[in-house]
Amino acid sequence: MDCDFSGEHTTGSHAEERLGALFDSCYPRLARYAFARIGNRTDADDIAAEVFVRALESLDSYQERGLPMEAWLFRIAHNLVVDQLRRGSRFERADEDEATLPDSPDPARIAEERLMMARVRAAMTCLTKDQRDVLSLRFFGELSSRETADVLHKSDGAVREMQRAALERMRGLLIP
């Protein structure tokens, strides 16, 4: 199901039902985005849940501006992530504990994936803050460049250029 919202002004339980449908479809992407930025799964889940609490509290004031409501939700998530990082709550990006490992007959594949993600996270620290934001929203949040631009208050062209430069830098760091 695509994360979208018609922007119609609705009231009462109907609006809450529509936000509930967005919760089911967008929550995993919001949590992935937050996790990519802060590196702690529990805090990322808390941020994704808080997005919907704040959205519900502000639902009456939401106005469609040519982008789906999903961009509004990611803007809320972005602001929450920035607030957490400003508070100095940066966490060591430790591996997930054993309890969260998926059941797999191939532990070598799991180990390879963990090592690759650790390399990607380390390489992302070499990017500018804006480049990290763009890559996180585009690839972990799965937003379009236009939606990313709206979340970051930048032009679509600026987002595409930051993405190009960030990917070029990441390639240089990850591919020998």
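The values are calculated or read from the model by the stated rules, or taken from the named source; none is laboratory data. Quick caveat: nothing in here was measured; it's all calculated off a predicted structure. Methodologically, a virtual Cβ is constructed for each residue, glycine included, from the backbone with ideal geometry; neighbour enumeration extends over all protein chains shown. All accessible areas refer to the heavy atoms of the entire protein, side chains included, with ligands and DNA or RNA removed. Shrake-Rupley method; radii C 1.70, N 1.55, O 1.52, S 1.80 Å.
Quick check on the range 21-36: of everything there that is open to solvent by less than 30 Å² (accessible area, probe 1.4 Å) and at pLDDT below 85, which residue is nearest to SER58 (Cα to Cα)?
LEU22
Being under 20 Å from ALA21 (Cα atoms), part of a helix (DSSP H, G or I), open to solvent by less than 90 Å² (accessible area, probe 1.4 Å) and at pLDDT 90 or above narrows it down to one of ALA77, ALA71, so name that one.
ALA77
Given the criteria at pLDDT 90 or above, open to solvent by less than 50 Å² (accessible area, probe 1.4 Å), within 26 Å of PRO68 (Cβ to Cβ) and not in a helix (DSSP H, G or I), does LEU143 qualify?
In short, yes.
Mind checking which pairs have a first residue in the range 106-134 that is part of a loop (DSSP other than H, G, I, E, B) and a second that is open to solvent by less than 60 Å² (accessible area, probe 1.4 Å), Cβ under 7 Å, 6 or more apart or different chains?
LEU127/ALA166
Which pairs do you get when a residue that is buried (at least 19 other Cβ atoms within 10 Å of the Cβ) and of a type in the set (A, V, I, L, M), found in the range 37-58, comes within reach of a residue that is outside any helix (DSSP H, G or I) and at pLDDT below 90, reach meaning Cβ atoms under 7 angstrom, with the pair 6+ apart or on two chains?
From the range 37-58, the pairs are ILE38/PHE91.
Within the bounds of the range 103-120, is there any residue that is open to solvent by less than 90 Å² (accessible area, probe 1.4 Å), under 30 Å from PRO68 (Cα atoms) and touching a Lys or Arg at 6+ places or on another chain (Cβ under 7 Å)?
No, every residue in the range 103-120 fails to be open to solvent by less than 90 Å² (accessible area, probe 1.4 Å), under 30 Å from PRO68 (Cα atoms) and touching a Lys or Arg at 6+ places or on another chain (Cβ under 7 Å).
Among the residues that make up the range 3-16, is at least one of them crowded, with 19+ Cβ neighbours inside 10 Å and at pLDDT below 75?
As a first pass, look at the range 3-16 and keep what is crowded, with 19+ Cβ neighbours inside 10 Å: 3, 5.
Pick out the ones that are also at pLDDT below 75 and you get 3, 5.
Looking through the range 3-16, at least one residue is crowded, with 19+ Cβ neighbours inside 10 Å and at pLDDT below 75.
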